[in-house]
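Let me begin by presenting the structure, written as structure tokens, before commenting on it.
Just so it is clear, none of the values below were taken in a lab; they were calculated from the coordinates. Being a predicted model, the structure only gives us computed values, none of them experimental. Here the Cβ positions follow ideal geometry from the backbone for every residue, glycine too, while neighbour counts run over all protein chains shown.
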Amino acid sequence: MERYQLQTLEISLGETHLRIERAEVSPAPVAAVAAPSEPAFAEAPEWIPIEAPMTGMFYRGPSPNEPPYVEEGDLVYEGQTIGLIEAMKVFNEIPSPATGIVRRIVAQNATLVHQGEVLMLLEPPE
């Protein structure tokens, strides 16, 4: 339910009815809530965001049995694949827009990302 952001799920089959409701979670204190990219830009405004070019499921590696394309601290080159986005049953490679060091991986593996959402942050090389 969390993955698809559902609040309620109802299934009926004959005389059998099943209703599942997502429990309300009390919000965290305002001081502890921040958008994923806000702290990174506040700490280091020169970091380069790698944004999702489309909406779809983000995957950090080529398959569940293989390691991620990149980890925090890795040096990546412009054009290097940093992940995949699955949209309409097609896996699209996501290239790095620049050369740099991966300082923060914002998007979680196997989660829905929206176009323009920050996936990772790169620190430009010196």
message = Explain nothing, just the number: dipole magnitude of the stretch 34-123 about its Cα centre with +1 on each Lys and Arg Cβ and -1 on each Asp and Glu Cβ, in debye rounded to the nearest 20.
response = 260 debye
request  = Write down Rg/Rh for the stretch 34-123, rounded to two decimals, with Rg from the C-alpha atoms and Rh from the Kirkwood relation over Cα pairs.
outcome  = 0.94
message = If amide hydrogens are placed 1.01 Å from N in the peptide plane, which non-local residues have theirs closer than 5 Å to the one on I82?
response = I94, S96
query = Sequence-distant or interchain residues sharing an amide H contact under 5 Å with Y69, placed H: which?
reply = G61
³J(HN,Hα) computed for each position of the stretch 110-124 - Karplus, 6.51 cos²θ - 1.76 cosθ + 1.60, integer Hz, glycine/proline x = 6, 10, 6, 10, 10, 3, x, 6, 6, 8, 8, 10, 10, 9, x
key: Highest-first arrangement of 60-70, 103-113, where packing means the average Cβ count within 10 Å   = 103-113, 60-70
Top positive-direction residue, dipole computed over the stretch 34-123 with Cβ charges, set P49, H114, A98 = H114
